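A quick write-up on the structure given underneath.
Just so it is clear, none of the values below were taken in a lab; they were calculated from the coordinates. In this text, all values refer to a predicted model and were calculated from it rather than measured experimentally. Glycine gets a Cβ as well: all are built from the backbone with ideal geometry, and neighbour counts include every protein chain shown.
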């Protein structure tokens, strides 16, 4: 699962980075946001982390189920 932390507070960037999130600048058509990939088993826990530690409110971050083919295809 890929989770996008769109609109996350700027001062949380170090927290997200320390947790393994990567920055996407939006030039590839994907959201301009921090993102992370987690196993389906860790998905709910990661959403809970974002709600509790980053947004500090109930949110539904954009998420995607991705296949190995989608994950490893080369960017064009």
Fill in: Nearest 10 degrees, 0 to 90: helix 40-49 Cα axis against the chain principal axis
40
Discussion item. Which three extents, in angstrom, do the Cα atoms of the chain have along their principal axes, listed largest first?
Written reply: 36, 28, 21
Worksheet item: For the peptides 3-14, 20-31, what is the packing order when you average, over each peptide's residues, the other Cβ atoms within 10 Å and list the highest mean first?
Response: 3-14, 20-31
Item to complete: Sticking with the crude label model, points 7 Å out along Cα→Cβ, report the distance from residue 32 to residue 64 in nm, one decimal please.
Response: 1.8
Worksheet item: Using 1/(1 + (r/R0)^6) with R0 = 22 angstrom and r between the beta carbons of residue 44 and residue 24, what's the FRET efficiency to the nearest 0.05?
Response: 0.45
Discussion item. With n ≥ 4 as the cut-off for DSSP H runs, can you work out [θ] at 222 nm for the chain, using -39500 (n - 2.57) per run divided by the number of residues, rounded to the nearest 500?
Written reply: -7000 deg cm²/dmol
